[in-house]
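We did not get these values from a lab; they are worked out from the coordinates using the rules stated. These numbers were taken from a predicted model, which means no experiment stands behind them. Methodologically, a virtual Cβ is constructed for each residue, glycine included, from the backbone with ideal geometry; neighbour enumeration extends over all protein chains shown.
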Amino acid sequence: MKKHYNIPVFIPHAGCPFQCLYCNQNKIAAQNSAPHPEHLTYLIEPALQTIPAHADIEIAFFGGNFTSLSAGLQSEYLNATAPYLSSGRVAGIRISTRPDAIFTSILDNLARSGVTTIELGVQSLHDEVLKASSRGYYAEDVFTACELIRQYNFKLGIQLMIGLPGSTRYHELYSTQNTIKINPDMVRIYPTLVIEDTGLHHMYLRNTYQPLSLDEAVETVLQMYIQFQIAHIPVIRMGLHPGEELRQPGNIVAGPFHPAFGELVEQALFKRQAEPLLLWHKEAGHAPGKVKLYVNPRDISKLVGNKRGNIDWWQSTFELNDITPVGYDRLNRNEIGISAADDDSPLKTITREEFLSRVNTGQ
Ligand code: SF4
């Protein structure tokens, strides 16, 4: 399968009906205005030079609501990208927009103009959460929009946020189950951050909003990620891209930001996945004290965890003195093996699929 690349074109707040409670795209994207359509080539050409030949490339309009732009401006942008499509240098156009900005007349035009993927900033599928964040639409509107997008055969992406005002883990998992019912082609999950100059920033200062801790956010996203994996729905991003501007002091006021948030979730998943092996090892009466855990060499950092957090946690939970992580290239990615300390190969392994099946069947 060809590797996918997006060439991002940020159109910060373009087409937004109002500024959402938590959002400040100027801080997120380090850009105050959308590029003029005639200037797109200055963004696209240099980006193309950095992407390997024969990759699967989309030009991606992010940071605003493409379908809420005037019809004239949408056409100007799409006319500017048309030569890249007709020459085959890019395979498609991706846009992001709000669920209440999806109409057949607009989709007709997008389909004619080479748009391949539509990402919806859904954020939640629970009406109470949508109301508390003043999103201006309800879950039913999302279902209707997704159905329309499907009828046109666009690829569908859904962006979810966790930790919005009034939202709990129950609400996040409710949104997850409803997203799985929609069966999108991809999902992004973002923990809510308190960004400077937003409504949420004011709520935070008035003490009427408390963000999630990093540990809470990782655990919630982990539970969502597991459910999406069981449903075979790709999660293409967890956590905001840590751009230069976003990381400037003062821009993130509070909240569970980590520059490698997705990696933390992956590490948490390895921690969970190794537990059945460690339990088996303990119950089988193997020599206590020392074990080796094996993974594909490319998964070592995920196995070990941030600051050896996984190793320390397993050692205290399973009363082990020493866990040695071993890179073992006969294991597939996301597969874990275990043996006693003096063995040189795994006695037992668990693949990601086997682990997900255990979770799914409540084992
Ligand atoms: S969340 Fe979307 S609609 Fe709301 S202000 Fe940000 S870009 Fe605009």
Inset, instruction - Evaluate the Kirkwood expression for the hydrodynamic radius of the chain, namely the inverse of the mean inverse distance over all pairs of different C-alpha atoms, and round to one decimal in Å. - result: 22.3
Inset, instruction - Please work out the ratio of the alpha-carbon Rg of segment 234-363 to 2.2 N^0.38 Å and round it to two decimals. - result: 1.20
Inset, instruction - Could you line up CYS146, CYS16 from fewest to most neighbouring Cβ atoms inside 10 Å? - result: CYS16, CYS146
Inset, instruction - Only Lys, Arg, Asp and Glu count, each charged at its Cβ (+1, +1, -1, -1), so figure out the dipole size of segment 10-161 about its Cα centre, rounded to 20 debye. - result: 180
Inset, instruction - State, to one decimal in nm, how far the label point of GLN248 lies from the label point of HIS4, with both points 7 Å from Cα in the Cβ direction. - result: 3.1
Legend entry - Cα-only radius of gyration and Dmax that characterise segment 119-231, units Å: 14.3, 45
Inset, instruction - Take the cross-link list LYS2/LYS307; LYS2/LYS348; LYS2/LYS271; LYS2/LYS292; LYS3/LYS302; LYS282/LYS307 and give me the ones stretching past 28 Å between alpha-carbons. - result: LYS2/LYS307; LYS2/LYS348; LYS2/LYS271; LYS2/LYS292
Legend entry - Centre separation in Å (Cα based) which lies between segment 340-363 and segment 284-315: 13
Inset, instruction - Please identify, among THR41, THR97, THR220, the residue showing maximal mean-square fluctuation in a Gaussian network model of the chain using a 10 angstrom Cα cutoff. - result: THR41
Inset, instruction - Evaluate Rg over Rh across segment 23-152, taking Cα atoms for both radii and Kirkwood's formula for Rh. - result: 0.99
Legend entry - Mean Cα-pair separation over length for segment 267-360, i.e. relative contact order, pairs under 8 Å, 6 or more apart, %: 36
Inset, instruction - Evaluate Rg over Rh across segment 175-260, taking Cα atoms for both radii and Kirkwood's formula for Rh. - result: 1.03
